[in-house]
Amino acid sequence: MARPSRIPDWLAWEQTTVYFVTFCAQKRKSVLANPRAWELCLNILKRLDHWHVFAAIAMPDHLDLLAAPLDPGGSVAAFSKWFKRWFKVEYCRSPVSNGEGAHEMTSRWQEGCFARLL
């Protein structure tokens, strides 16, 4: 699947750019429906200090976010890359409580993300 092009941001420099971003679990498996995955999502979002996350909701197979870069030139691709990388590292360190192999599946994400400029 080809990657979508970067969304052009033609807003005035002083206006806040807000994106609706979706990260999907690989093969849309229901692997995010557990408290540990949600806790890790929140911790990773706090670490992404070049972005302000207004809202986040975890569904069983994807994560939806309303987020804005603190730097107007902030890259959604970089935001996605660091979120997924840090999530994988932290999830692989933690024990799995549900015993369904979520450790292996939850550390995998679909390539890229879906982003809509609001």
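The values are calculated or read from the model by the stated rules, or taken from the named source; none is laboratory data. Not measured: the values here are computed from a predicted model. Positions of Cβ are generated from backbone atoms using ideal geometry, with glycine treated the same way; all protein chains shown enter the neighbour counts.
Assorted remarks:
- Just so you know, in region 29-57 the residues that are of a type in the set (Gly, Ala, Ser) and more than 22 Å from ASP71 (Cβ to Cβ) include one that is nearest to the chain's Cα centre (by Cα), and it is ALA37.
- Hits in region 43-55 (condition: in contact with a Leu (Cβ under 6 Å, 6 or more places away or on another chain) and more than 19 Å from SER75 (Cβ to Cβ)): ALA55
- If you go through region 56-80 and pick out every residue that is farther than 18 Å from LYS27 by Cβ, among the hydrophobic types (A, V, I, L, M, F, W, C) and either touching a residue at least 40 places away in the same chain (Cβ under 8 Å) or surrounded by 19 or more Cβ atoms within 10 Å (Cβ to Cβ) (or both), you end up with 7.
- Applying the criterion of being exposed (fewer than 12 other Cβ atoms within 10 Å of the Cβ) and of a type in the set (D, E, K, R) to the residues of region 1-27, the residue that is modelled with the highest pLDDT is LYS27.
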